[in-house]
Structure formats: structure tokens, C-alpha cells
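Pasting a structure below so you can have a look.
Nothing in this text is a laboratory measurement; each read-out follows from the coordinates by a stated rule. Keep in mind that what you see is a predicted model, and the values were worked out from it rather than measured. Backbone-built Cβ (ideal geometry, glycine too); neighbour counts: all protein chains shown.
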Ligand code: PMP
Ligand code: GLU
């Protein structure tokens, strides 16, 4: 029998990835399943990005490049941060990674010593806790308000001598919450008072619907902010695997050493195409956001008028986090029933630290969403 380390044996598979794989397999087998489990846009990247990838294939992409990222790609990230957020970074402050997921993994590896605590507000994305645990750290979960906004008092109470950082993610996966600037300022004050890092996962920053505007955490606490972002979500490029970290030069230098052992450079073709994706971010967002807005309006209308369920309108990202406690507190049971008996794949809130809720992605066509809503209504009716 192969001996597996305790560290890896104790890790749960990513439940979002597991469910998406299951739904895609069922669809490939010819089953009538609508997959609203995973968070990835149903659009193609803008044509210029694909053309840039084709051109990169003819531009000798065959050799290792700097594990920190190609100079051109890091420069494009700097230009993006400057033009979008008026934030000044040099190329030495940027690390290009295999998606935001690997960027986060590297951040925790670089920040956390055994037993160090990292605060994670819940509901929160499935991979934070496992990645912190893999870095021998301890995730400390704090609750959010009934509107899924930050509970600053709960955060302050959770801070101990072992706390090294706080994870922020806004627009939030799974709730869609966007935090107002005054709350972010309070987090910045906490970080200053207790000497903490803020790992700010800003992967959904471009997908906001207008209530709270997005403010990068680096605008509030440049020195303490470790910004994680990438082209996956807003660029409709989840499969390309390009993310980045923006932080202090000293921190990035350490992450670069880690990257040189962990992965080496991100695929050269992807990096070259990502330069174009970053430059054309406004163009692609304008196109995608319009469609996402229509779906969001449809869903909120369905929630209010037909669903017999409740949800707080998402302010950003492309998820709606639905309260099913009027039917059951067991979100896994609800989602299994919905998939097996009604053919819709969505994610139990339990995996994000909030049972009694379900996460539905609206990164799917309006026609599919409409059909999924009918099926969910039938599932809801099956409880009575
Ligand atoms: N952070 C959050 C909150 C996410 O939802 C995701 C989606 N996988 C990621 C990070 C990772 O993104 P990427 O696909 O760029 O690795
Ligand atoms: N972040 C997306 C989600 O939550 C993609 C899957 C994953 O990597 O977790 O659905």
C-alpha cells in the first residue's frame, strides 16, 4: 500500500471542481443536466486574445522563461493596475502564476509558519481553508452580517498573537457581496494595529452591478496588501491558467523562489495572450457584463415572484447564494436531490461554510437559467 503523507491525506478535494466534473460527465453521457455549479463564464475570450495566442505559437514559445513571468506580461499587469485603479507597481512587484488559485497557494506558503492563524470570513470560497492548512496554518473562520457584509467586530475578536493575515474576497464567491470603502478602511486599521497582511482576492473585481463600487485593497493599505487577481473570470479564460500576485518587492522575490521550484514559468503562449487580455479588459467586460446583468435581473425576479426562496441580490461576481432553510438545513441533500431527480447541478452552501444555502452560478445562458429555475421550482415543490 502506498504511504500518503498526513498532510495530503487530510485534504478534501475541491468540492466545486468535483461537482463540475460530475456534471460535465453526466452531460457527456447524454443526461439532461444543466450545470450551474462552476464559476466560469460561458463566453469565449475576445478574438484578439485568441489571435495573440496563435501569433505566440510562431514566436518561439518553446523554451523556459523567467519563473516570475515574462517581462512583457508583468509590464501589462502594471499598466492594467495603473490605468484601472491608479496603483503604481513595478515589474519586480508582480509574479505571474498558474491561475489565481496558485497565486493564493503561494501566498499562504510564503506567509504562514506552523500554527499561524489566518482569518477567513465565511461564507467563503472552498480553497482558502485547505490551502492555509497545506501551509501548516490554521484557518480561523469569522461570521459575516445577515447581508453577508464584513463583521469587523467579529474579525477584531478573532485576532490573537498567532494571527498573521486576513483573507478578503470581494466581489465575494459565493455571496456576491462587495464591501464598501468604509468597511475596508476599518480592516486596514485592524491590519495596521495588529501588524497583519491582507490577502485580497480580487478575481471578480470587474464583475460588479453598480451598488457598491469596487475599491482595490491596495488603495487603502498599499504596504500591507497582497493582491491576487488574473484573467480567468472577467476574461472568460478559466482554462488558460493565468493569475498574478502584486505586492512588495521583497515578498514577490520570495514567491518567485517558490515558483522556481513549484511550477517554473506559466505557459509562454498564455502569457503573451494575457498581455492582450489585460489591455482589452474594458472591451470584454462591457460585452459580458451586459449579459450577466440580464441574467441577474431574471434570477432576482424569479426569486421574488416564483421560487418560494430568498436571496440577497448579488452586488458582483456571477453567483446567487440562495436561502433554502424554509425547506431544509441540509444543503448537500437539497443539491443531491436537485441533481439526481431534476437535473440541475449547483453547489451546497455547506462547502462555503454556510449550510442551509445553495450557490447557483449564473455564468450560463439565459435559456439554461430559465429551464434550471423551472426545475428548481419542481424540486422545491417536492418538499411539500
Ligand atoms: N478565488 C476565487 C474566489 C475563485 O472563485 C476562484 C475560482 N476558481 C479563484 C480564486 C481561482 O481562479 P483561477 O481560475 O484564476 O485559478
Ligand atoms: N472558483 C470557481 C468556483 O468556485 C471554480 C472552481 C474552483 O476552482 O473552485 O466555482
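Taking N as the number of residues in segment 131-274, what value does Rg over Cα atoms divided by 2.2 N^0.38 Å take?
On the way: Rg = 16.0 Å, N = 144, 2.2 N^0.38 = 14.5 Å.
Relative to the rule-of-thumb radius for its length, segment 131-274 sits at 1.10.
Points 7 angstrom from Cα along the Cβ direction at residue 14 and residue 82: gap in nanometres?
About 3.2 nm separates the two model spin labels.
Rounded to the nearest 5, what % of the DSSP beta bridges within the chain are antiparallel ones? Numbers along the way, then the final one.
On the way: 19 of 39 bridges.
Restricted to the chain, the bridges split so that about 50 percent are antiparallel.
Next question. Run the helix sum for the chain: -39,500 (n - 2.57) per DSSP H stretch of 4+ residues, divided by residue count, reported at 222 nm to the nearest 500 deg cm²/dmol. If you can, show how the numbers build up before the last one.
Numbers: 13 runs with 162 residues, N = 384.
That comes out to -13000 deg cm²/dmol.
I'd like the projected area of segment 35-165, averaged over all directions, using the convex hull of its alpha carbons. Report it in nm² with one decimal. Mind dumping the intermediate values first?
Working: hull surface 47.2 nm².
Its average projected convex-hull area is 11.8 nm².
Using the Cα gyration tensor of segment 1-95, with a ≥ b ≥ c the square roots of its eigenvalues, what is the shape: rounded (a/c below 1.5), prolate (a/b larger than b/c) or oblate (neither)?
Details: a/c = 1.94, a/b = 1.46, b/c = 1.33.
Here segment 1-95 falls in the prolate category.
Then there is this: Compute the length gained on full extension between residue 3 and residue 161: take 0.36 nm times their separation in residues and subtract their Cα-Cα distance, giving the result in nm to one decimal.
On the way: separation 158, 0.36 × 158 = 56.88 nm, distance 3.55 nm.
The span from residue 3 to residue 161 would gain 53.3 nm if fully extended.
If R0 is 35 Å, what FRET efficiency do you get for residue 337 and residue 258 from their C-beta distance, rounded to 0.05? Could the numbers behind the result be given before it?
Numbers: r = 43 Å, r/R0 = 1.23.
Rounded to the nearest 0.05, the efficiency is 0.25.
Hey, what did segment 105-211 get for relative contact order, percent, Cα under 8 Å, at least 6 apart? Please report the intermediate quantities before stating the final value.
On the way: 165 pairs, mean separation 28.1, N = 107.
Relative contact order of segment 105-211: 26 percent.
If each of residue 32 and residue 282 carries a label point 7 Å out from its Cα toward its Cβ, how far apart are those two points in nm?
Each label point lies 7 Å from its Cα, and together they span 4.6 nm.
Could you work out the Kirkwood radius for the chain, taking every pair of different alpha carbons, averaging 1/r and inverting it, reported in Å?
Numbers: mean 1/r = 0.0466 Å⁻¹.
Across the chain, the inverse of the average 1/r is 21.5 Å.
Would you kindly state how much longer the chain becomes between residue 371 and residue 192 on full extension, computed as 0.36 nm times their sequence separation minus their alpha carbon distance, in nm to one decimal?
59.5 nm
Could I ask something else about it? For residue 42 and residue 300, what is the calculated FRET efficiency with R₀ set at 30 Å and r taken between the beta-carbons, to the nearest 0.05? Each step should come with its number before you reach the end.
Numbers: r = 19 Å, r/R0 = 0.65.
That gives a FRET efficiency of 0.95.
For residue 51 and residue 146 in one chain, what is 0.36 nm times their gap in residues minus the Cα-Cα distance, to one decimal in nm? List each step's numbers first, then the result.
On the way: separation 95, 0.36 × 95 = 34.20 nm, distance 4.56 nm.
Fully extending the segment from residue 51 to residue 146 adds 29.6 nm.
Sort 70, 1 by Cβ crowding within 10 Å, fewest neighbours at the top. It would help to have the intermediate numbers written out before the result.
Details: 70 19, 1 3.
Ordered by Cβ neighbours within 10 Å, fewest first: 1, 70.
Something else now. Please work out the C-alpha center-to-center distance from segment 308-384 to segment 170-187 and express it in whole Å.
23 Å
Here's another thing I want to ask about it. What FRET efficiency do you get for residue 153 and residue 330 if R0 is 41 Å and r is their Cβ-Cβ distance, rounded to the nearest 0.05? Write down the numbers at each step before the final one.
Numbers: r = 30 Å, r/R0 = 0.73.
Efficiency for this residue pair is about 0.85.
How far is it, in nm, from the label point at residue 64 to the one at residue 249 when both lie 7 Å from their Cα along the line to the Cβ?
Here the modelled spin labels are 2.5 nm apart.
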